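Peer 1: This is the structure I have questions about; it appears just below.
The values are calculated or read from the model by the stated rules, or taken from the named source; none is laboratory data. Computed from a predicted model, the values in this text were never measured in an experiment. Note that each Cβ is placed from the backbone with ideal geometry, even for glycine, and that neighbours are counted across all protein chains shown. We work out accessible area using only protein heavy atoms, side chains counted, and drop any ligands, DNA or RNA first. Shrake-Rupley method; radii C 1.70, N 1.55, O 1.52, S 1.80 Å.
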Amino acid sequence: MPEATPVRKTGTRPRILHLITDPRRRGAQGLARDLHHELRRRGQASALRALAPHPDALPDAADTRSTTVLGPGRLHPRTLGALRTAARTADLVVAHGSSTLPACALALAGTRTPFVYVSIGDPRHWTPGPVRRLRTGALLHRAAAVTALADGARDLLVERFRLPAANVRTIPNARAADHYPPARDEADRRAARQQLGLPPDGLLVAWVGAIAAEKRLDLALDALDRLPDVRLAVAGDGPQRSALERHPAAARAHFLGTLDDPAPLYRAVDAVLLSSDSEGVPGVLIEAALAGLPAVATDVGWVGSVVRDGVTGALVAPGDPPALAEALAKVLAGDRTGLGAAARAHALAHNDLDVVADAWQRLFSEICDRGGPGGSGGPGGLG
């Protein structure tokens, strides 16, 4: 028999439990935190829990309390037990990030609490082989719904894992627009540079992300090597940092480490650069667009849903430093103000948290009103 869950009164807003892999503020965790705080601002009951600790996690600047960590490891028995207990006080669990999918499938089995899985990456990248594809598909079928960040990603999830089309929804990645205001003027830009210890003058480009193999900071540095009048501000950390600090172009790169808040960096720079081999819809590009910055990015995943080639920036094929350098030079020499304004307008229309949170609240109510796994609707109950 399924475990009893406190019954939600008809017409009340569902109680939401957001689950992230660890307390870091990156990728899936960033979206989860922003959505959690927006729901609470709107008066909806929302909690945030992390499966396991991480040594690189920073305190949560948006909340005076640190994110509660459930256990010692992502799939540790104590972690799964704590998740099962926490879910008893929620009407719905939202699983953000790949490790949260098996955790929810295991911990919530036999309960009446449904879960939604938020897919943020490219499934072609994280399920390359048939065995992993089958295993992931079986887990996805246990979710009451799966969300994708772009229509192309949604179609791929349906096809690749044979998911019921009605159970897979497109809800864009989002950020709070008021947190990423554009630089007011040149004085504001100079102040932001001074705050971060960056040169007050000259062309400056931001690169933000984990310094890991798939993010290809080496490609960005190769492109920088071809642009002697440009400097690069690198915000992030990771296993490749020490090696890339010895790159020939590193003399014009400023390694800032992981920033508690990237908003000042966006006000300090002239453009943002993304050089990844694999992405979904990166939050970095949304943040930069809201800050009124043009972007030069590799055309991977669904980056094109944020960066409109020739309108808000430029897209280039992955793995091509000369093409990346050429596109960046063109954007920096062109109408940066016009490109940045178009980027901000596009992001406000499609990726503002205020708009996207409405879509999430509609999905929450629909799932809970129809019932999730163990309830009246079951996993296929969305219409």
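Peer 1: In whole Hz and in residue order, list the ³J(HN,Hα) couplings for region 258-269 that follow from phi through the Karplus curve 6.51 cos²θ - 1.76 cosθ + 1.60, θ = phi - 60°; x for Gly and Pro.
Peer 2: 6, 8, 4, 9, x, 4, x, 5, 5, 6, 8, 10
Peer 1: For residue 50, what residues show an amide H to amide H distance below 5 Å, using hydrogens built from the backbone and excluding near sequence neighbours?
Peer 2: When sequence neighbours closer than 5 places are left aside, the close amide H contacts are 20, 68, 69, 70.
Peer 1: If you don't mind, another one. Mind running the shape call on region 295-367? Use the C-alpha gyration tensor, a ≥ b ≥ c as the square roots of the eigenvalues: rounded below 1.5 for a/c, prolate if a/b tops b/c, oblate otherwise. Present the calculation step by step, with values, prior to reporting the outcome.
Peer 2: Working: a/c = 5.25, a/b = 1.96, b/c = 2.68.
It is oblate, given that a/c is not under 1.5 and a/b is not larger than b/c.
Peer 1: Also, quick follow-up: Given the options 248, 102, 182, which has the most mean-square fluctuation in a GNM of the chain, springs set between C-alpha atoms less than 10 angstrom apart?
Peer 2: Among 248, 102, 182, the largest mean-square fluctuation in the Gaussian network model of the chain belongs to 248.
Peer 1: Of all DSSP beta bridges in the chain, what percent run antiparallel (nearest 5)?
Peer 2: Roughly 0 percent of the beta bridges in the chain run antiparallel, per DSSP.
Peer 1: While we're here: Which of the peptides 120-131, 151-162, 29-40, 280-291 is most tightly packed, and how do the rest follow, judged by the mean count of other Cβ atoms within 10 Å per residue?
Peer 2: Working: 120-131: 14.5, 151-162: 16.7, 29-40: 21.9, 280-291: 27.7.
Order by mean packing, descending: 280-291, 29-40, 151-162, 120-131.
Peer 1: Just how large is the dipole of region 78-190 about the Cα centre, in debye to the nearest 20, putting +1 at every Lys and Arg Cβ and -1 at every Asp and Glu Cβ? Could the numbers behind the result be given before it?
Peer 2: Details: 17 positive and 9 negative charges, 127 e Å.
It works out to roughly 600 debye.
Peer 1: From the Cα gyration tensor of region 132-238, with a ≥ b ≥ c the square roots of its eigenvalues, which class applies: rounded if a/c is under 1.5, or else prolate if a/b is larger than b/c, or else oblate?
Peer 2: Since a/c reaches 1.5 and a/b is larger than b/c, the shape of region 132-238 is classed as prolate.
Peer 1: On to the next question. Skipping prolines and chain starts, which residues have an amide H placed within reach, meaning under 5 Å, of the one on residue 259, given they are 5 or more residues away or on another chain?
Peer 2: HN-HN under 5 Å from residue 259: 236.
Peer 1: I'd like the distance between the alpha-carbon centres of region 88-138 and region 157-202, rounded to an integer number of Å.
Peer 2: A separation of 25 Å, based on Cα centres.
Peer 1: How would region 230-383 be classified by its alpha-carbon gyration tensor: rounded, prolate or oblate, with rounded meaning a/c under 1.5 and the a/b versus b/c comparison settling the rest? If you can, show how the numbers build up before the last one.
Peer 2: Details: a/c = 2.34, a/b = 1.85, b/c = 1.26.
In terms of gyration-tensor shape, prolate.
Peer 1: Taking all protein chains together and a probe of 1.4 Å, list 98, 276 from the most accessible to the least accessible. Before the final figure, lay out each step's value.
Peer 2: On the way: 98 75, 276 5 Å².
Ranked list, largest accessible area first: 98, 276.
Peer 1: Let me cross-check residue 136: its accessible surface, 1.4 Å probe, with only protein heavy atoms counted, in Å² to the nearest 10?
Peer 2: Number for this one is 20 Å².
Peer 1: Of 249, 219, 286, whose Cα points farthest to the positive end of the dipole of region 175-295 (charges on the beta-carbon: +1 Lys, Arg; -1 Asp, Glu; origin at the Cα centre)?
Peer 2: So the residue furthest toward the plus end is 249.
Peer 1: Using the membrane-span-like helix rule (whole DSSP H runs, Cα extent along the own axis of at least 27 Å, mean Kyte-Doolittle hydropathy at least 0.5), which helices of the chain qualify? Don't jump to the answer; show the numbers that get you there.
Peer 2: Working: long enough: none.
None clear 27 Å together with a mean of 0.5.
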